[in-house]
Amino acid sequence: MRIARLAAVSAALALATCTPAERGVVVAPSGPQFDSHVQDLVGTPDMIVDAKTLATSWVVYDHEIREGSCSLQEANLTPGQYRLLRFTVVTPNIGDADIYIGDPNRHWDPNGDGDGSDSDGLFENNACHRHYHFRNYALYQLIDGSGKITKARKNGFCMIDVKPYNDGAPPKSWVYRACGRPARPELGLPEVPGNQGISVGYADEYYKWLAGQYFVLNDPNADPVPPGEYTLRIWVNPPFTAKRTEPCPAVDPQGFCHMFKESNYANNIGQVRITIPDHPGKTGFGPGAESNPPADDIVDDENRPDK
């Protein structure tokens, strides 16, 4: 991943807020930017899911999740062999303005006292990965022929510019490439400033070998997912009904909450028909099968691979 020198630049983004006053106004604090990369905050973002990548990346395979993996902790699993459905998710911003979230440290701990009790609720501090995860960025669903929905356990994301969406007509330079990390006083490590968002014309990408980027088809804590035909559905910036203590940064025309405002909420779903086999074989079953898949999960930080 390319590295650039951080510079402190002030910026602000006004987010549409919920009607109930007690939820408060969630406004992204000013955050660091990269030299010579300029934000575009005039207009409104518009997120989509790249259905073509989804259709060509999915794979079912048997994988040993080892002791010490964050996937075990987050999914409440024990070490062992599991049947997984993996897939790559690309979420481009095709709007006319950036999504600007800023430094998660300032969202998690606005007054800088090391106590996250005053968090605005946009991020969770992932104890295993040792970095922040943006909440409710995307929803992963597997739907059988009867309409029964199985949800993936992945619920945290780091939003950054991973790649241009249209290689043939590349956009302006990227802006957002830093996930940010909390301080670790026990190790004498200071916090690492972050700068999260997605520039116009860029896409975030969650490659299929990343930690948590899968469905566990034989999850002992849930109903098993038998072989058959399914719809794999990805919903970026999905709607939700906020609890009284939860943030509701943006509201759509139907009254549902979203984590950030968009010009069009109707194009946020990408889906594809898939087949879950009886036996995936040694290299996996599906268009994304590879002869030598990684033995261990890859952390979904700013250094994550995109292929």
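The values are calculated or read from the model by the stated rules, or taken from the named source; none is laboratory data. Model, not experiment: these values are computed from the prediction. Methodologically, a virtual Cβ is constructed for each residue, glycine included, from the backbone with ideal geometry; neighbour enumeration extends over all protein chains shown.
Note on region 266-282: residues that are surrounded by fewer than 19 Cβ atoms within 10 Å (Cβ to Cβ) and either within 30 Å of A250 (Cα to Cα) or touching a strand residue (DSSP E or B) at 6+ places or on another chain (Cβ under 7 Å) (or both) total 7.
Just a yes or no: is a residue in region 246-260 closer than 27 Å to V42 by Cβ, out of contact with any Phe, Trp or Tyr (no Cβ under 9 Å at 6 or more places or on another chain) and among the polar types (S, T, N, Q)? Checked against the condition, which is being closer than 27 Å to V42 by Cβ, out of contact with any Phe, Trp or Tyr (no Cβ under 9 Å at 6 or more places or on another chain) and among the polar types (S, T, N, Q), region 246-260 yields no hits at all. Looking at region 193-204, which of the residues that are in contact with a helix residue (DSSP H, G or I) (Cβ under 8 Å, 6 or more places away or on another chain) and not small (G, A, S) is farthest from P92 (Cα to Cα)? Across region 193-204, the extreme among qualifying residues is P193. Residues being in contact with a strand residue (DSSP E or B) (Cβ under 8 Å, 6 or more places away or on another chain), loosely packed, with under 15 Cβ neighbours inside 10 Å and in a loop (DSSP other than H, G, I, E, B) are represented in region 238-245 by at least one member.
Of the strands (runs of 3 or more DSSP E) lying entirely inside region 82-199, those carrying at least 3 residues that are surrounded by 15 or more Cβ atoms within 10 Å (Cβ to Cβ) are 89-92, 99-102, 123-126, 131-135, 138-143, 196-198. The set of residues in region 261-271 being in contact with a Phe, Trp or Tyr (Cβ under 8 Å, 6 or more places away or on another chain) and among the aliphatic types (A, V, I, L, M) consists of I269 alone. Could you check region 279-307 and list, in sequence order, the residues that are out of contact with any Ser or Thr (no Cβ under 6 Å at 6 or more places or on another chain) and modelled with pLDDT of 95 or more? Residues satisfying the conditions are F285, G286. Within the set G31, G24, G43, the sole residue that is surrounded by fewer than 16 Cβ atoms within 10 Å (Cβ to Cβ), modelled with pLDDT under 95 and farther than 12 Å from V216 by Cβ turns out to be G24. Those residues that are more than 22 Å from L41 (Cα to Cα) and in contact (Cβ under 8 Å) with a residue 40 or more places away in the chain, I need them from region 111-120; list them, please. Of everything in region 111-120, just one residue is more than 22 Å from L41 (Cα to Cα) and in contact (Cβ under 8 Å) with a residue 40 or more places away in the chain, namely G114. Regarding region 104-113, can at least one residue be identified that is touching a helix residue (DSSP H, G or I) at 6+ places or on another chain (Cβ under 8 Å), farther than 21 Å from G270 by Cα and of a type in the set (S, T, N, Q)? Yes: one or more hits.
Evaluation of G197 against the conditions (1) over 18 Å from V162 (Cα atoms); (2) within 19 Å of the chain's Cα centre (by Cα); (3) not charged (D, E, K, R) shows that the sole unmet condition is (1). Name every residue in region 208-257 that is aromatic (F, W, Y), within 21 Å of the chain's Cα centre (by Cα) and closer than 30 Å to R66 by Cα, in order of residue number. Across region 208-257, the qualifying residues are W209, Y214, F215, W235. Close Cβ contacts (under 7 Å, 6 or more residues apart or on different chains) running from residues in region 265-287 that are closer than 17 Å to P92 by Cα to residues that are surrounded by fewer than 19 Cβ atoms within 10 Å (Cβ to Cβ) and aromatic (F, W, Y) comprise N268/W235; I269/W235. Filter region 221-237 for residues that are of a type in the set (S, T, N, Q) and in a loop (DSSP other than H, G, I, E, B); which is surrounded by the fewest Cβ atoms within 10 Å (Cβ to Cβ)? Result: N221.
Evaluation of C18 against the conditions (1) modelled with pLDDT of 70 or more; (2) part of a loop (DSSP other than H, G, I, E, B); (3) more than 21 Å from G95 (Cβ to Cβ) shows that the sole unmet condition is (1).
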